[in-house]
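Have a look at the structure below before the remarks.
The values are calculated or read from the model by the stated rules, or taken from the named source; none is laboratory data. Nothing here was measured: the structure is a model prediction, and the numbers come from that model. Glycine also receives a Cβ, built like all others from the backbone with ideal geometry; neighbour counts cover every protein chain displayed. Protein only, heavy atoms only, side chains kept; ligands, DNA and RNA dropped before computing areas. Shrake-Rupley method; radii C 1.70, N 1.55, O 1.52, S 1.80 Å.
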Amino acid sequence: MHLRVSGSVAADRGITTVRVSAGEATARFDAGGASSYNLDADLPVTGGRSYQVTVAVTDANGTEFTERMETDHVPISIDPIETTRLVGAHYYPWYEMHSGHTNWTSRTVSTPVLGEYNSDTQSVVDQHIKWSVEHGIQWWSVSWWGPESGSDRALKSALLPSDQFEYLTFSILYETKGRLAEFDYDLDRPAARDRLANDLAYLAENYFTQNNYRRVDGRPVVFFYIAQTLHGDIEGALAEATADLETDLYVLADVPFGEAPTSYPVSNVADAVTSYNPYSPRPDIEQVFHDNYEQGLEILHLGAEAANLEYVPVIIPGFNDTGLPASIREDNPVLSTSPDRYEQVCEQALPHLADADSVLVTSFNEWYEDTQIEPSEEYGVAYLELTRDRLATSSSPGFDPTGEYLRFVFDETIVPAEVNPDSNDPRELAFMAARLTFQAGEETVTSFDIGSSGREPLYLAGAFGASSDNSQTWRWFGGPDAETVLFIETDLTGVDTAVLTGRPMGSDGIEADVYFSGTRTDHITFETPDGEFGDYELSLSSS
């Protein structure tokens, strides 16, 4: 980046030298005693801020005359790198933008290299862009809390006006909790549908038409945070909200990590699935995280493929929100953050990137949860260098798992909230599964305690989170498509029977077709008197 300084200077006694400086750059010119001199200086600067330019003229008597002037903001110099895939990062432009984010470094456990910055400061935005682009991040998923929110104002006043923002693509991270929680995420409620429609109209008018807004197949990408909370007529609400727009959306749905991605109604409108945060608040998270992370990636990958959806793997360096005040902090155990953990996470994700169009990092700068990869006083640019080397420029060996698929297609599901006035559970449930055993003749090949902390099948569709009661654990099967898909990561050669232990939802019995390795092998009626658990034998032989 160069700063050009031009103009004319004059001195009655003649000019011997002219010196021009800006930042650390200086240029010196010999004027030869002329009474005037046409100045044209080209000073190398890094940019990303304004500069004080000093012009010093020395006349024939040795007297120096100095004039100083302030430039406007000078765009930062950026040197992009070649990448092998699209790497994105969730970006938060909320710092010092409203009362909830003032004096914000008092609530973080790490310290930014840039100090306690304002998100609408042009030099900060430019530096963030430079760090991102020069380390292979080409996409920002930008947190958005509504029209005229702090994040919205920063987008308009600092991100969009930046000359260097064109180096990135960006999309909106729709803060579902901030926009729809007051309506209980119920898209059957007119007020919720109006809010969604008004928000999307605003986003279309202000952002979707930007040249660098991220699109897939011509459709603007919107990341819906905690999309599993949405219920009611999601498909109808989205169709209504986009009816007057000039484009359909590409819906990137955030679903719980490690759970079947299509277990929630939002999967019916999603184009792709991901998880914002693979962390879970369990006391032993330090010990189990990497095992759970690897399994969660497999579930996301295979579950998306089973539903014919795209998927976006997620990367984090750890999780630590202990800097937040106790009044707003949940009791979340710490998952220590470090470049070592981040590197291991990148390596675990790498096999799943061969079939993914992109990967997202949580986050570029969510300092409150210590998930940021933005340079800190503790680790400098270590996270960014790992992002460049392990994600943006590396090759993927691909993912080729060994195992078999088991699928249940139920004849119905039941929503507890619709049959029990004391329930507010909106899930579509068919069968409470507690144990699954595979047999070859009379010999047990493998078995799983469903919902336990031990080894389980991979739940790819129609299975909900683990539950427990005293010594019993289980998961509900069902889902919006009345279909549950499992992947068994075991050699099941010779297996001819499975035994499923549990009970159906309701008392009248629920039926299901059973498919093993893509072939229908049985039809079963689940009938258990008095709600007790029963053992149901499933034929896995096609003969």
>> Taking R0 as 51 Å, what FRET efficiency do you get between residue 468 and residue 245 from their Cβ-Cβ distance, rounded to the nearest 0.05?
In response: 0.70
> Classify segment 99-153: rounded, prolate or oblate, from the alpha-carbon gyration tensor (a ≥ b ≥ c, eigenvalue square roots; a/c under 1.5 rounded; otherwise prolate if a/b is larger than b/c)?
Replying inline: oblate
>> Between residue 106 and residue 400, how high is the FRET efficiency from 1/(1 + (r/R0)^6) when r is the Cβ-Cβ distance and R₀ = 51 Å? Nearest 0.05.
In response: 0.55
> Which percent of the accessible heavy-atom area of the chain goes to carbon and sulfur, probe 1.4 angstrom?
Replying inline: 41
> On average over all directions, what projected area in square nanometres does segment 1-146 have, based on the convex hull of its Cα atoms?
Replying inline: 12.6
> With all protein chains present and a 1.4 Å probe, how do 95, 167 order by accessible area, largest first?
Replying inline: 167, 95
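Taking the solvent-accessible surface of protein heavy atoms with a 1.4 Å probe, what is the per residue accessible area of segment 1-111 in Å²? Walk me through the numbers on the way to the answer.
Values: 5890 Å² over 111 residues.
Value returned for segment 1-111: 53 Å² of accessible area per residue.
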> Roughly what % of DSSP beta bridges within the chain run antiparallel, to the nearest 5?
Replying inline: 75
> Of the peptides 123-136, 468-481, how do they stack up when ordered by the mean number of other Cβ atoms within 10 Å, highest first?
Replying inline: 123-136, 468-481
> Separation between the residue 541 and residue 35 pseudo-spin-labels, each 7 Å from Cα along Cα→Cβ, expressed in nm?
Replying inline: 11.3
> Can you give the FRET efficiency for residue 188 and residue 113, using 1/(1 + (r/R0)^6), R0 = 56 Å, r = Cβ-Cβ distance, to the nearest 0.05?
Replying inline: 0.75
>> Can you work out the Karplus-derived ³J(HN,Hα) for every residue in segment 45-58? Use 6.51 cos²θ - 1.76 cosθ + 1.60 with θ = phi - 60°, whole Hz, and x for glycine or proline.
In response: 9, 7, x, x, 6, 8, 10, 8, 9, 10, 10, 10, 10, 10
> Short version: ³J(HN,Hα) in whole Hz for each residue of segment 437-445, in order, from phi by Karplus 6.51 cos²θ - 1.76 cosθ + 1.60 (θ = phi - 60°), x for Gly and Pro, what are they?
Replying inline: 10, 10, 10, 10, x, 8, 8, 7, 8
> Using modelled amide H (1.01 Å from N, peptide plane; none on Pro or chain starts), what sits under 5 Å from the amide H of residue 445, excluding residues fewer than 5 places away?
Replying inline: 438, 439, 440
> Check residue 39: other-chain or 5+ apart residues with amide H under 5 Å from its amide H, H built from backbone geometry?
Replying inline: 7, 8, 9
>> Given the whole protein assembly as supplied and a 1.4 Å probe, what does the accessible area of residue 238 come to in Å², nearest 10?
In response: 30
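About the Cα centre of the chain, what is the dipole size in debye to 20, counting +1 per Lys and Arg Cβ and -1 per Asp and Glu Cβ, all else neutral?
2080
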> Amide H of residue 142: which non-local residues (sequence gap of 5 or more, or other chain) have their own amide H closer than 5 Å, using H built in the peptide plane?
Replying inline: 91, 171, 172, 173
>> Can you list which of the DSSP-assigned H helices in the chain have a Cα extent of 27 Å or more along the long axis and an average Kyte-Doolittle score of at least -1.0?
In response: 285-306
> What full-extension length gain, to one decimal in nm, is calculated for residue 422 and residue 213 as 0.36 nm per residue of separation minus the Cα-Cα distance?
Replying inline: 70.7 nm
> When the chain is fully extended, how far beyond the present Cα-Cα distance does residue 354 get from residue 166, taking 0.36 nm per residue of separation?
Replying inline: 65.0 nm
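What does the helix-only formula give at 222 nm for the chain: each DSSP H stretch with n ≥ 4 adding -39500 (n - 2.57), the total divided by the residues, and the result rounded to the nearest 500 deg cm²/dmol?
On the way: 9 runs with 87 residues, N = 543.
Estimated from H runs of four or more residues: -4500 deg cm²/dmol.
From the Cα gyration tensor of segment 442-543, with a ≥ b ≥ c the square roots of its eigenvalues, which class applies: rounded if a/c is under 1.5, or else prolate if a/b is larger than b/c, or else oblate?
Verdict is rounded for segment 442-543.
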>> How large are Rg and Dmax for the chain when calculated on the C-alpha trace, in angstrom?
In response: 29.2, 111
> According to a simple spin-label model (label point 7 Å from Cα along Cα-to-Cβ), what is the distance in nm between residue 4 and residue 82?
Replying inline: 3.1
> Among 43-53, 262-272, how do they line up from the highest to the lowest mean number of other beta-carbon atoms within 10 Å?
Replying inline: 262-272, 43-53
>> Modelling each spin label as a point 7 Å along the Cα-to-Cβ direction, I'd like the residue 511/residue 329 distance in nm, to one decimal.
In response: 5.6
